[in-house]
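Below: the structure, in structure tokens.
The values are calculated or read from the model by the stated rules, or taken from the named source; none is laboratory data. The structure presented is a predicted model; accordingly, all values stated were derived computationally and were not measured. All Cβ positions, glycine included, derive from the backbone under ideal geometry; neighbour counts span all protein chains shown. Please note that ligands, DNA and RNA were not included when accessible areas were found on the heavy atoms of the full protein model with its side chains. Shrake-Rupley method; radii C 1.70, N 1.55, O 1.52, S 1.80 Å.
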Amino acid sequence: MKTHSITPQQQDKKWWHDAVVYQIYPRSFMDENNDGMGDLAGIISKLDYLKKLGINVIWLSPVFKSPMDDNGYDISDYQAISSEFGTLEEMDKLIAEAAKHNISIIMDLVVNHTSDEHYWFTESKKSIDNPYRDYYIWRKPQADGSAPNDFHSYFGGSGWEFDANTGEYYFHQFSKKQPDLNWDNPEVQKVVHEMMNWWLDRGIGGFRMDVIDLIGKEIDNQVMSNGPRLHPLLQEMNKATFGDRDVLTVGESWSATPEIAKLYSDPAREELSMVFQFEHITITFDPVEGKWKPRAFDLVEFKQVISKWQIGLADCGWNSLFWNNHDLPRAVSKYGDPGRYRVQSAKMLATALHFLKGSPYIYQGEEIGMTNVQFDAIEDYQDIETLNLYKERIAEGSSHEEMMAGIHENGRDNARTPMHWNNTANAGFSKTKPWLKLNPNYAEINVESALNDPDSIFYHYQKLIQLRKDHEVMVYGDYSPLFELHTQVFAYQRGLGNTQVLVINNFSNESVQLALPESLQGLKGQCLSSNYEQRTELTDALDLAPYESFALLLKCNEQE
Ligand code: TEU
Ligand code: CA
């Protein structure tokens, strides 16, 4: 078997290379003051749990002052905490308490747009010549009074909202209560940099950057993502804020390709640590109708995407690794089996992802195998994107059943039902009715039962996180795909020096017989991870159980 020459020394080692990040959606994590809304005090109360899991970074979805039109991704004051979540003192306490648990907090930087209730916008809309006018993107109507162009909002309808007071339209990529900032304006860059440094000085460990690929947009040239100014803006931001601090920065970029991801994450370019790319997610979105008309998951296509990204960023830049987040469906429902093989498939998905090269992100509840939810009434859903697109698509002729099928599979509220802590009322999330209905299966899927079961998904994640700390091959080993055309098995190797790890995942609910190539037959090794019986030896073929997944640490002899 080929040994590998890449050594960690050739990688400029960073603390976040072996970090595992846990994303908290604060309104759904833990409600300490029993008002039905998760809060900062609730997060502080669960730091011991997160330490036990072994994560060392928390990505905190927005907790800033906001009218909550988009659950906090519409910020009206970047330097104040929404009263629903607590106070700035409690935020400082969370940063300090997390540090005592050796956990750093990265904040969600939402600066493609603000809330329309932000002071900058309420000033900007006062008059054409207001000093804040050019903080946002205003354009005159067309001769017939219609919108400047036919740009659509991601949340339905036109991307332009008319302001009668000044007779102009403002641009909003998302809801009309989320006006886009004008990043061509040096004043905007300056005030955002100042705000970022204000948070860095409070001791946060970095930023997740919301739709950062959009801040270089050129409206008049119809350029939305990856505009020519994007990377210069990020290099200026790096220099003006986090560049000389040892922090983690991850940019959300739905439009990224591996080549673009290298522009963001090549350390020599001094931009970001890494990006969230979504190619492995959007392969199940309909090219026209998007996620509301889901396409079947195709494992071969998925493997091609994963290999493209693993190989594409092998020697330059860095991958993030994730199945889900607050915008995406629950991993075990989307890619595994939420029924009979829920535990096995959740563990398989965890192993398949965590042995890849990059920084893994765990979304709250993923570590206990929480599933999608299936509310029958659209009124039970809360997400602005879901509600707006339901209305828009029904008006365009989709049926209720068609839209509910898309919402059940890909709607964002799947990830936002309250966290399951135990099997008491409201899953132990709150002593009062939560802001969003619970998933009814909290009685059997919850943290308390997971902690009491040594064979639970939780302990599988805990072990994977520890393995990343113990085995440098997981962090720096190079990636080579195996069985690339197999329609049920996702397998690959990681290699560093004379150490090899073989990772085999049966993505199907059937038993699979996998004939092994000569090069693998008869190899023995240490079983690092398994969701069935431990395997320590490879024969000429493997009989894989449904969703069976294992990782074998192989020592190659030197002279090979
Ligand atoms: O999401 C960006 C975004 O484009 C997604 O909302 C995507 O459109 C959809 O969810 C998947 O089809 C970021 C935040 O993660 C999201 O929560 C915010 O709603 C959005 O930006 C606006 O800030
Ligand atoms: Ca609360």
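Quick one: count up the residues across the stretch 361-382 that are over 17 Å from the mean Cα position of the chain (by Cα), among the charged types (D, E, K, R) and part of a helix (DSSP H, G or I). Looking only at that region, the number is 2. The residue that is modelled with the lowest pLDDT, counting only those in the stretch 1-22 that are aliphatic (A, V, I, L, M) and open to solvent by 10 Å² or more (accessible area, probe 1.4 Å), is MET1. Taking the stretch 86-121 as the range and being open to solvent by less than 40 Å² (accessible area, probe 1.4 Å), in a helix (DSSP H, G or I) and either among the small types (Gly, Ala, Ser) or touching a residue at least 12 places away in the same chain (Cβ under 8 Å) (or both) as the test, the residues that pass are MET91, LEU94, ILE95, ALA98, TRP120, PHE121.
Taken as a whole, the structure leaves ARG330 outside the set of residues that are of a type outside the set (Asp, Glu), open to solvent by 30 Å² or more (accessible area, probe 1.4 Å) and touching a residue at least 60 places away in the same chain (Cβ under 8 Å). Listed conditions (1) open to solvent by 30 Å² or more (accessible area, probe 1.4 Å); (2) touching a Phe, Trp or Tyr at 6+ places or on another chain (Cβ under 8 Å) are all met by LYS431, apart from (2). Against the conditions (1) open to solvent by 30 Å² or more (accessible area, probe 1.4 Å); (2) closer than 18 Å to SER265 by Cβ, GLN310 satisfies every one except (1).
Look at the stretch 23-49: where a residue is more than 7 Å from ligand 2 (Cβ to nearest atom) and open to solvent by 10 Å² or more (accessible area, probe 1.4 Å) and a partner is among the small types (Gly, Ala, Ser) and assigned to a helix (DSSP H, G or I), sitting 6+ places away or on another chain with Cβ atoms under 9 Å, you get MET30/ALA41; MET30/GLY42; MET30/SER45; MET30/GLY428; ILE44/ALA98.
Of all the criteria given as (1) open to solvent by 20 Å² or more (accessible area, probe 1.4 Å); (2) under 24 Å from the mean Cα position of the chain (by Cα), the one not satisfied by SER456 is (1).
Please determine whether any residue of the stretch 413-425 is without any contact (Cβ under 8 Å) to a residue 24 or more places away in the chain and within 30 Å of SER320 (Cβ to Cβ). Break it down into steps so the answer makes sense when it comes.
Applying the first criterion (without any contact (Cβ under 8 Å) to a residue 24 or more places away in the chain) to the stretch 413-425 yields 424-425.
Those left that are additionally within 30 Å of SER320 (Cβ to Cβ): none.
No; the residues of the stretch 413-425 include none that is without any contact (Cβ under 8 Å) to a residue 24 or more places away in the chain and within 30 Å of SER320 (Cβ to Cβ).
Residues in the stretch 185-226 that are open to solvent by less than 10 Å² (accessible area, probe 1.4 Å), within 16 Å of ligand 1 (Cβ to nearest atom) and closer than 22 Å to LEU88 by Cβ: VAL192, PHE207, ARG208, MET209.
Considering each of GLU448, GLU392, GLU401, GLU385 in turn, give the residue that is in a helix (DSSP H, G or I), open to solvent by 10 Å² or more (accessible area, probe 1.4 Å) and assigned by TED's automatic domain parsing to the domain that holds MET348. Break it down into steps so the answer makes sense when it comes.
Details: GLU392 fails: assigned by TED's automatic domain parsing to the domain that holds MET348; GLU401 fails: assigned by TED's automatic domain parsing to the domain that holds MET348; GLU385 fails: assigned by TED's automatic domain parsing to the domain that holds MET348.
On inspection, the qualifying residue turns out to be GLU448.
Of the residues in the stretch 324-336, none is out of contact with any Gly (no Cβ under 8 Å at 6 or more places or on another chain), modelled with pLDDT of 95 or more, acidic (Asp, Glu) and within 25 Å of PRO546 (Cα to Cα). Of everything in the stretch 131-171, what is within 24 Å of GLY290 (Cβ to Cβ) and outside any loop (DSSP other than H, G, I, E, B)? Give them in sequence order. HIS152, SER158, TRP160, GLU161, PHE171 - these are the residues of the stretch 131-171 that are within 24 Å of GLY290 (Cβ to Cβ) and outside any loop (DSSP other than H, G, I, E, B). If only residues of the stretch 122-173 that are touching a residue at least 40 places away in the same chain (Cβ under 8 Å) and among the β-branched types (Val, Ile, Thr) are counted, the one that is surrounded by the fewest Cβ atoms within 10 Å (Cβ to Cβ) is ILE128. Taking (1) aliphatic (A, V, I, L, M); (2) away from ligand 1 (no atom under 16 Å from the Cβ); (3) crowded, with 19+ Cβ neighbours inside 10 Å in turn, ILE378 satisfies each apart from (3). When restricted to residues that are part of a loop (DSSP other than H, G, I, E, B), over 19 Å from HIS420 (Cβ atoms), in contact with a Gly (Cβ under 8 Å, 6 or more places away or on another chain) and more than 16 Å from ligand 1 (Cβ to nearest atom), the stretch 37-84 contains 0.
Which of the residues spanning the stretch 390-431 are under 24 Å from GLN364 (Cα atoms) and of a type in the set (Lys, Arg)? Matches in the stretch 390-431: ARG412, ARG416, LYS431.
Does MET370 count as under 30 Å from ASP48 (Cα atoms) and of a type in the set (A, V, I, L, M, F, W, C)? So MET370 fits the description; yes. Which one is farthest from ASN226 (Cα to Cα), of the residues in the stretch 242-263 that are touching a Gly at 6+ places or on another chain (Cβ under 6 Å) and away from ligand 1 (no atom under 16 Å from the Cβ)? Ranking the qualifying residues of the stretch 242-263, first place goes to VAL247.
Do we have any residue at all in the stretch 91-110 that's among the hydrophobic types (A, V, I, L, M, F, W, C) and within 16 Å of ligand 2 (Cβ to nearest atom)? Yes, the stretch 91-110 contains at least one residue that is among the hydrophobic types (A, V, I, L, M, F, W, C) and within 16 Å of ligand 2 (Cβ to nearest atom).
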